[in-house]
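A short write-up of the structure that comes next.
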Amino acid sequence: MDRVRDLASTRAAVIFTKSSCCMCHSIKTLFYELGASPAIHELDHDANGREMEWALRGLGCNPSVPAVFIGGKYVGSAKDVLSLHLDGSLKQMLIDAKAIWF
């Protein structure tokens, strides 16, 4: 769990994903379109991916991917991120965390 927390706080925006997950791809694309360059950690390509997935679940990430952290804080899964985007607050969160500049 410490590794997940450390990775989640290394950059302003961090996304834990799996390469086969279509919602993970959609969330990554959304962040890129907003001008963010998040740190991406693909659990299925990491030697400790299973342990990190269990740690994410232990932190309340359900489903475990995509798990989005902004400013070191867990924001949510795809559903939560899309809701934040639709109400206009995702962009402000990224600006506040200095993941994007305007």
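Quick notes on this one:
- Exclusive hit being crowded, with 19+ Cβ neighbours inside 10 Å and in contact with a Lys or Arg (Cβ under 6 Å, 6 or more places away or on another chain), set Leu94, Leu43: Leu43
- One residue stands out in segment 57-87 among those that are part of a helix (DSSP H, G or I) and touching a helix residue (DSSP H, G or I) at 6+ places or on another chain (Cβ under 6 Å): the one that is farthest from Ala39 (Cα to Cα), namely Leu84.
- Residue check, Gly76 in contact (Cβ under 8 Å) with a residue 40 or more places away in the chain and either surrounded by 14 or more Cβ atoms within 10 Å (Cβ to Cβ) or under 13 Å from the mean Cα position of the chain (by Cα) (or both): no
Yes/no matrix, rows are residues, columns are (1) under 22 Å from Leu90 (Cα atoms); (2) free of Cβ contacts under 8 Å to residues at least 60 places away in the same chain; (3) open to solvent by 30 Å² or more (accessible area, probe 1.4 Å); (4) among the polar types (S, T, N, Q):
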site: Met23; (1), (2), (3), (4): yes, yes, yes, no
site: Gly35; (1), (2), (3), (4): yes, no, yes, no
site: Pro63; (1), (2), (3), (4): yes, yes, yes, no
site: Val68; (1), (2), (3), (4): yes, yes, no, no
site: Gly71; (1), (2), (3), (4): yes, yes, yes, no
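- Residue within segment 24-35 that is of a type outside the set (Asp, Glu), at pLDDT 95 or above, touching a Phe, Trp or Tyr at 6+ places or on another chain (Cβ under 7 Å) and not in a loop (DSSP other than H, G, I, E, B) present: no
- All positions within segment 7-21 that are open to solvent by 10 Å² or more (accessible area, probe 1.4 Å) and of a type in the set (A, V, I, L, M, F, W, C): Leu7, Ala12, Cys21
The values are calculated or read from the model by the stated rules, or taken from the named source; none is laboratory data. Keep in mind that this is a model prediction, so the values were computed, not measured. All Cβ positions, even for glycine, are placed from backbone atoms using ideal geometry, and neighbour counts span all protein chains on display. The area values use the complete protein model at the heavy-atom level, side chains included, leaving out ligands, DNA and RNA. Shrake-Rupley method; radii C 1.70, N 1.55, O 1.52, S 1.80 Å.
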